[in-house]
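The values are calculated or read from the model by the stated rules, or taken from the named source; none is laboratory data. Here the structure is a predicted model, which is why all the values come from computation and not from measurement. In this analysis, Cβ positions are derived from the backbone assuming ideal geometry, glycine residues included, and neighbour counts consider all displayed protein chains. Just the protein is used for accessible areas: all its heavy atoms, side chains included, with ligands, DNA and RNA removed. Shrake-Rupley method; radii C 1.70, N 1.55, O 1.52, S 1.80 Å.
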Amino acid sequence: MQKKTIFGFHAVKSRLSRLPDSVLELYVNASRNDPRMRELVDLAGKQGRKVHSLDTDRLTALAGSPRHQGVAAVIDIGKSFLALEDVLETLDEPPFLLVLDGITDPHNLGACLRVADAMGVHAVIAPKDKSAPINATVSKVACGAAEIMPYIMVTNLARTLREMKDAGIWIVGTDADGSSDLYHFEQTGPLAWVLGAEGHGMRRLTREHCDALVSIPMYGTVESLNVSVATGIVLAESRRQRQMLAERK
């Protein structure tokens, strides 16, 4: 069994919600009893996970960082997310997904996983052929996100995109000649962003399965962006729109 310690509310709650059997030990700050902590402890109880209380110093030592937010967990990283359906059935909000088509550079993949986790993406999907697997380089660049973010490699990406569309998820690709630009495209519903490798872009069949093609406005002299940078830009705009909608309700 390969173990790893994760920390922070988002990372730990994600594991508890999506893959509770992988959570071997759960530790919380004994001095915290706020609503966010109570919600996490309640979730742990529902998932059958025992919670251990530690003081701040011991929790910091366990996490290896003072940025633990009062919660840390030891997980079995050998247990991973098996299928997109496993993720979708746990959601209580519109799906927010990232599809990476042909990203073979582990540095790019690690950076994409990191920003996907930061922006609250529910899963990252990639084809098994011509895609980087999770390795030591990816894990290092992702700074922990590789062990948290569901990275689902599928045999047939076109079929998976069709299944996502059947589930009501809007498939949106990035393209310099897109019919809409990023900042005038509504992104608050069930959504999957599709990004291809820098230089080559999406494969033809992947492109044909997109419901819409959206451009990223470029205001300087460069003509293209690294895929991880482009991923950060589109996901941040989607999260901004979703947050604005939530605040209006």
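At a Förster radius of 25 Å, what calculated FRET efficiency corresponds to the Cβ-Cβ distance of K249 and E39, to the nearest 0.05?
It comes out at approximately 0.80.
About the Cα centre of the stretch 93-239, how large is the charge dipole given +1 on each Lys and Arg Cβ and -1 on each Asp and Glu Cβ? Please answer in debye to the nearest 20.
For this selection, approximately 420 debye.
Which one is right for this structure if percent of Cα pairs over 35 Å apart is calculated from it: (i) 17; (ii) 31; (iii) 11?
After the calculation, the listed value that fits is (i).
So what is the accessible area of the stretch 56-186 per residue, in Å², with the probe set to 1.4 Å?
So the stretch 56-186 comes to 46 Å² accessible per residue, rounded to a whole number.
Please compute the Kirkwood hydrodynamic radius over the stretch 1-52, one decimal place, Å, based on all pairs of different Cα atoms.
11.3 Å
Would you calculate a helix-derived [θ] at 222 nm for the chain, using -39,500 (n - 2.57) for each DSSP H run of n ≥ 4 and dividing by the full residue count, to the nearest 500?
The helix contribution divided over the chain gives -11000 deg cm²/dmol.
Please get the size of the charge dipole for the stretch 1-143, origin at its Cα centre, with Cβ charges of +1 on Lys and Arg and -1 on Asp and Glu, quoted in debye to the nearest 20.
With Lys and Arg at +1 and Asp and Glu at -1, about 440 debye.
On a straight-distance basis, which aspartates and glutamates could pair with K165 in a cross-link, Cα separation under 19 angstrom, same-chain partners fewer than 8 positions away excluded?
Partners within reach: E85, D86, E89, D92, E93, D101, E186, E208, D211.
Quick one: pull the percent of accessible area on the stretch 18-93 belonging to carbon and sulfur, 1.4 Å probe, ligands and nucleic acids left out.
It is 46 percent, rounded to a whole number.
Rounded to the nearest 0.05, what FRET efficiency do D92 and D166 give with R0 = 25 Å and r taken as the Cβ-Cβ distance? Could you check?
Calculated value: 0.75.
If you stretched the chain out fully between A83 and A212, how much longer would it get, using 0.36 nm times the residue separation minus the C-alpha to C-alpha distance?
That works out to 44.0 nm of additional length.
Please report the equivalent ellipsoid semi-axes of the stretch 117-201, computed as sqrt(5 x eigenvalue) of the Cα gyration tensor, largest first, in whole Å.
Value: 23, 16, 15 Å, ordered largest first.
Quick one: which residues, 5+ away or cross-chain, put their amide H under 5 Å from the amide H of E25? H built at 1.01 Å from N.
Hits under the 5 Å cutoff: V74.
Rounded, prolate or oblate, given the Cα gyration tensor of the stretch 1-110, with a/c below 1.5 counting as rounded?
Because a/c hits 1.5 or more and a/b exceeds b/c, the stretch 1-110 counts as prolate.
Provide the percentage of antiparallel DSSP beta bridges, counting only those with both residues in the chain; round to the nearest 5. Mind showing how you got there, number by number?
Numbers: 11 of 37 bridges.
Just about 30 percent of them are antiparallel.
Quote to one decimal, in nm, the extra length available between S53 and H184 on full extension: 0.36 nm per residue of separation minus the C-alpha distance between them.
Stretched out fully, the S53 to H184 stretch lengthens by 42.4 nm.
Enumerate the calculated ³J(HN,Hα) couplings along the stretch 5-19 in order (Karplus 6.51 cos²θ - 1.76 cosθ + 1.60, θ = phi - 60°), each rounded to whole Hz, writing x wherever the residue is Gly or Pro.
So the Karplus estimates, Gly and Pro as x, are 9, 10, 8, x, 4, 4, 5, 5, 5, 4, 5, 4, 6, 9, 8 Hz.
Cβ neighbours within 10 Å, averaged per peptide: list 88-94, 115-121, 69-75, 243-249 in order, most packed at the top.
The most tightly packed comes first, giving 69-75, 115-121, 88-94, 243-249.
With everything on Cα atoms, drop me the angle between helix 106-118 and the longest principal axis of the chain, reported from 0 to 90° to the nearest 10.
So the helix axis and the longest Cα principal axis differ by about 70 degrees.
At 0.36 nm per residue, minus the direct Cα-Cα distance, what do R67 and K46 gain on full extension? Give it in nm, one decimal, please.
Working: separation 21, 0.36 × 21 = 7.56 nm, distance 2.60 nm.
Full extension of this stretch gives 5.0 nm more.
Structure shown: which of K3/K50; K13/K130; K13/K140 lie over 20 Å apart, alpha-carbon to alpha-carbon?
Those over the limit are K13/K130; K13/K140.
Report in % the part of the accessible area of the stretch 207-248 that belongs to carbon and sulfur, leaving out ligands and nucleic acids; probe 1.4 Å.
54 percent
Could you estimate the translational diffusion coefficient of the stretch 180-249 from the Stokes-Einstein equation, with Rh from the Kirkwood formula over C-alpha pairs, at 4 °C and 1.567 mPa s, in whole µm²/s? Don't jump to the answer; show the numbers that get you there.
Numbers: Rh = 13.4 Å.
Diffusion coefficient, whole number: 97 µm²/s.
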